[in-house]
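Everything below concerns the one structure shown next.
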Amino acid sequence: MLHADLDSFYASVEQRDNPRLLGRPVLVGGGVVLAASYEAKASGVRTPMNVQQALRLCPHAVVVPPRMHAYSAASKAVFEIFRDTTPEVEGISIDEAFLDVGGLWRIAGSPVEIAQRLRARVRAEVGLPISVGIARTKFLAKVASAVSKPDGLLEVPPEGELQFLHPLPVERLWGVGAVTARALHERGIRRIGELAELGEGPLAAAVGPAAGRHLYALSRAQDPRRVDTGRRRRSIGAQRALGRRVRADDEIEAYAHGLADRLGRRLRAARRVCRTVVLRMRFDDFTRATRSHTLPEPTDRDAVLLHAVRTLLTAALPLIHERGLTLIGLSLTNLDDADSMQLTLPLEARADSTLDSTLDALRDRFGSDAVTRAALLHRGTGLTVPMLPD
């Protein structure tokens, strides 16, 4: 397995396209740091951090606005190289993927040779640094790529897996976040080797049976998962930060409509339909809440999605007035393929030419902001972060 991960992706694209930024600390973002170059990370800058806080840590950093179209184009170019290397590619995000190269020994050489050529091609053809981890399992390959950063290559041979893994901190294990790490630290467990020595039983008592079984297996370098080339999203979502300023109801509704339009377009582009609409809210005290509505039948129609969003938002307005809203998000879940959708009476074929499809075509040709809702004029549609296909 290879785990290939572009280094500080957004910031690296900015440094590639503007040579004056090479070797300088770069922050990509506006109010929040979306990405930081390694020169900025050396000063303690992390994502997502407030830009002002980041500048206090790194006063000489250069702040540049995000250019999502440039990052999307760079990602597509890199994934073309991945798929030219092996047909077994599982994208994790727009800047990282797993590649199964186990069957390429005779035609392409050893995994290390394949990784070396891949890194050289990404540097020569796309102009970006990329780190690659090589291991027998996906988990170890991902850890190896993280350890090799920046712009590195690291192989973990099968006979050296535990020697590589056990000295690392427990935070390197998938599933160990702040809460789990604190529970382990309280028991004196800070290294993966110490966790492995503890055993599955005591570990399950500390973090729960499922988590204990999962973490113990990883601590023994056991990860049976294969590269999954057919994985599709189980949900799609989008969100918009609103800041601390009090927003009028019509402004909040306009932003919700803009998010619904964006998600409806993604649904149709992926030829999928959804059954459940989820409204996500973050309040002024940083607490969160969700509200969901399940539709009678799957849909990809904007009018149906908007009706569900309005219903959810109307019901949530008293809570928003009481606690203040700093972020609004929407998710579409219970996804299915549009081609396999159960027809309802009357049994008529779905029209290919609709208002939704016409607006999609206009936005595809002239840009996402070519057609927008009147309520969003002078408010913008917010950042659209590039993602893998849905």
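The values are calculated or read from the model by the stated rules, or taken from the named source; none is laboratory data. Source: prediction; values computed, not measured. Note: ideal-geometry Cβ built from the backbone for every residue, glycine included; neighbour counts use all protein chains shown.
Scan segment 175-188 and give yes if some residue there is among the charged types (D, E, K, R), at pLDDT 85 or above and under 30 Å from L267 (Cα atoms), otherwise no.
There is no residue in segment 175-188 that is among the charged types (D, E, K, R), at pLDDT 85 or above and under 30 Å from L267 (Cα atoms).
Is at least one residue of segment 111-127 crowded, with 17+ Cβ neighbours inside 10 Å and outside any helix (DSSP H, G or I)?
no
Would a scan of segment 299-314 turn up a residue that is of a type in the set (D, E), outside any helix (DSSP H, G or I) and more than 24 Å from D369 (Cα to Cα)?
So the first thing to find is which residues in segment 299-314 are of a type in the set (D, E), and the list is 300, 302.
Now drop any that are not outside any helix (DSSP H, G or I), which leaves 300.
After this cut, where a residue has to be more than 24 Å from D369 (Cα to Cα) as well, the list is none.
Scanning segment 299-314 turns up no residue that is of a type in the set (D, E), outside any helix (DSSP H, G or I) and more than 24 Å from D369 (Cα to Cα).
Report whether or not T290 is hydroxyl-bearing (S, T, Y), surrounded by fewer than 14 Cβ atoms within 10 Å (Cβ to Cβ), without any contact (Cβ under 8 Å) to a residue 40 or more places away in the chain and within 30 Å of A183 (Cβ to Cβ).
Working: hydroxyl-bearing (S, T, Y): yes; surrounded by fewer than 14 Cβ atoms within 10 Å (Cβ to Cβ): yes; without any contact (Cβ under 8 Å) to a residue 40 or more places away in the chain: yes; within 30 Å of A183 (Cβ to Cβ): yes.
For T290, the condition - hydroxyl-bearing (S, T, Y), surrounded by fewer than 14 Cβ atoms within 10 Å (Cβ to Cβ), without any contact (Cβ under 8 Å) to a residue 40 or more places away in the chain and within 30 Å of A183 (Cβ to Cβ) - is met.
Just give me the residues in segment 71-85 being more than 16 Å from the chain's Cα centre (by Cα) and closer than 16 Å to R231 by Cβ, in sequence order.
F82, R83
Might you check whether a residue that is within 30 Å of V33 (Cα to Cα) and hydrophobic (A, V, I, L, M, F, W, C) occurs anywhere in segment 208-231?
Within segment 208-231 (the criterion being within 30 Å of V33 (Cα to Cα) and hydrophobic (A, V, I, L, M, F, W, C)), the answer is no, since none of the residues qualifies.
Of the conditions (1) touching a strand residue (DSSP E or B) at 6+ places or on another chain (Cβ under 6 Å); (2) within 28 Å of T299 (Cβ to Cβ), R265 fails just one. Which one is it?
Evaluating R265 over (1) touching a strand residue (DSSP E or B) at 6+ places or on another chain (Cβ under 6 Å); (2) within 28 Å of T299 (Cβ to Cβ) leaves (1) as the failure.
Which residues, counting only those in segment 45-89, are assigned to a loop (DSSP other than H, G, I, E, B) and more than 24 Å from N18 (Cβ to Cβ)?
Matches in segment 45-89: T86, P87, E88.
Mind listing whichever residues of segment 17-44 are part of a helix (DSSP H, G or I) and in contact with a Ser or Thr (Cβ under 7 Å, 6 or more places away or on another chain)? Steps first, answer last, please.
Restricting attention to segment 17-44, the residues satisfying the condition of being part of a helix (DSSP H, G or I) are 17, 19-21, 38-41.
Of everything in segment 17-44, just one residue is part of a helix (DSSP H, G or I) and in contact with a Ser or Thr (Cβ under 7 Å, 6 or more places away or on another chain), namely Y38.
Of the residues in segment 278-333, how many are within 19 Å of G243 (Cβ to Cβ) and of a type in the set (K, R)?
4
Identify, from the list G31, G44, the residue that is farther than 22 Å from F82 by Cα, out of contact with any Pro (no Cβ under 7 Å at 6 or more places or on another chain) and free of Cβ contacts under 8 Å to residues at least 24 places away in the same chain. Step through it out loud before you land on a result.
On the way: G31 fails: free of Cβ contacts under 8 Å to residues at least 24 places away in the same chain.
Checking each option against the conditions leaves just G44.
Give the residues of segment 191-238 that are more than 22 Å from I134 (Cβ to Cβ) and among the β-branched types (V, I, T), sorted by residue number.
Listed by number, the residues that qualify are V207, I236.
It is to be established whether one or more residues within segment 61-76 are touching a strand residue (DSSP E or B) at 6+ places or on another chain (Cβ under 7 Å), of a type in the set (S, T, N, Q) and surrounded by fewer than 17 Cβ atoms within 10 Å (Cβ to Cβ). Break it down stepwise before answering.
The initial filter retains those residues of segment 61-76 that are touching a strand residue (DSSP E or B) at 6+ places or on another chain (Cβ under 7 Å), namely 61-64, 66.
Applying the additional criterion that residues be of a type in the set (S, T, N, Q) yields none.
No, the conditions are met nowhere in segment 61-76.
Identify, by number, the condition in (1) surrounded by 20 or more Cβ atoms within 10 Å (Cβ to Cβ); (2) in contact with a strand residue (DSSP E or B) (Cβ under 9 Å, 6 or more places away or on another chain) that A241 doesn't meet.
(1)
Could you list, in sequence order, all residues of segment 219-234 that are of a type in the set (S, T, N, Q), in contact with a helix residue (DSSP H, G or I) (Cβ under 9 Å, 6 or more places away or on another chain) and touching a residue at least 60 places away in the same chain (Cβ under 8 Å)?
Pass one, segment 219-234, residues of a type in the set (S, T, N, Q): 219, 222, 229.
Keeping just the survivors that are in contact with a helix residue (DSSP H, G or I) (Cβ under 9 Å, 6 or more places away or on another chain) gives 219, 222.
Q222 - this is the single residue of segment 219-234 that is of a type in the set (S, T, N, Q), in contact with a helix residue (DSSP H, G or I) (Cβ under 9 Å, 6 or more places away or on another chain) and touching a residue at least 60 places away in the same chain (Cβ under 8 Å).
Which one is farthest from P150 (Cα to Cα), of the residues in segment 10-28 that are surrounded by 24 or more Cβ atoms within 10 Å (Cβ to Cβ), touching a residue at least 40 places away in the same chain (Cβ under 8 Å) and out of contact with any strand residue (DSSP E or B) (no Cβ under 6 Å at 6 or more places or on another chain)?
Of everything passing the filter in segment 10-28, V13 is farthest from P150 (Cα to Cα).
Does segment 261-278 contain at least one residue that is without any contact (Cβ under 8 Å) to a residue 60 or more places away in the chain, more than 27 Å from E90 (Cβ to Cβ) and assigned to a strand (DSSP E or B)?
yes
Hey, which of the helices (runs of 4 or more DSSP H) in segment 136-238, taking only ones fully inside, have at least 2 residues that are among the acidic types (D, E) and not assigned by TED's automatic domain parsing to the domain that holds C274?
Details: elements: 138-148, 161-165, 178-186, 192-198, 200-207, 209-219.
Result: 192-198.
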